[in-house]
Amino acid sequence: MFRSIKILAAAALLMAPLAGGLAAQAAPIPEEMRARTLPRQHLSGPRFGFTVFTGDVARLRQSIGKEAMMSQFGWQFETQIVSTTTGNQALMEWIVLVGGVEQDEMNLSLSWMAGYRLPTGIEFGVGPNISIRKEGGDPTTSMIVAMGATLPFGELYVPANLAVAFAEGGPRVTTLLGWIIG
């Protein structure tokens, strides 16, 4: 066994210069495709909007005297993970919402999303969601797909988003507006 280790070590020593030469010949990454090193920006702020229930959930809500639509209020915690020199950005987001207060409900929702924003402000993301009702019961989980845009209004940035949560009982469609603080 000791002889095998010596042979492997000798082979590694002989291959090292070849590997270094191949690495030196690799084409450099074009400047416009390189990621910029910059401090992480935290683009968080309040969000408000509404959710529309569909399918079995909408029918169940209507059967107990609740509307198939409810308000949403909350906060989005957004961190810019990386930005390219062309302005594209990779994002990580946590969205906390309280829904249905106008119908004497308190539905808590937490979403985690990985997203991407183009230099034009158009953005999209995907991630999991968990929702808990005031009345109790099992938490509801879903997968969210979202898209929207962050629009500049002078020095104020206003995100407008549309999200679809795919869950048992029918998809939920949520629209949110807000502004960025940070």
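Quick notes
- If you go through segment 104-132 and pick out every residue that is closer than 30 Å to Gly65 by Cα and in contact (Cβ under 8 Å) with a residue 24 or more places away in the chain, you end up with 9.
- The condition of being without any contact (Cβ under 8 Å) to a residue 40 or more places away in the chain and either outside the structural domain of Thr51 (by TED's automatic domain parsing) or out of contact with any Phe, Trp or Tyr (no Cβ under 6 Å at 6 or more places or on another chain) (or both) holds for only one of Leu97, Leu151, that being Leu151.
- Listed by position, the strands (runs of 3 or more DSSP E) contained in segment 84-182 that have at least 2 residues being touching an Asp or Glu at 6+ places or on another chain (Cβ under 9 Å) and farther than 27 Å from Gly55 by Cβ are 89-99, 107-117, 140-153.
- Some residue of segment 27-37 being in contact with a strand residue (DSSP E or B) (Cβ under 9 Å, 6 or more places away or on another chain), free of Cβ contacts under 8 Å to residues at least 60 places away in the same chain and either surrounded by 14 or more Cβ atoms within 10 Å (Cβ to Cβ) or in a strand (DSSP E or B) (or both): yes
- Positions within segment 68-79 being closer than 17 Å to Pro46 by Cα and not acidic (Asp, Glu), in sequence order: Ser71, Gln72, Phe73, Gly74, Trp75, Gln76, Phe77, Thr79
- Number of positions in segment 43-82 that are in a strand (DSSP E or B) and hydrophobic (A, V, I, L, M, F, W, C): 11
The values are calculated or read from the model by the stated rules, or taken from the named source; none is laboratory data. Since the structure is predicted, the reported quantities are computational estimates derived from the model, not experimental observations. Here the Cβ is made from the backbone with ideal geometry for all residues, glycine too, and neighbour counts use every protein chain on show.
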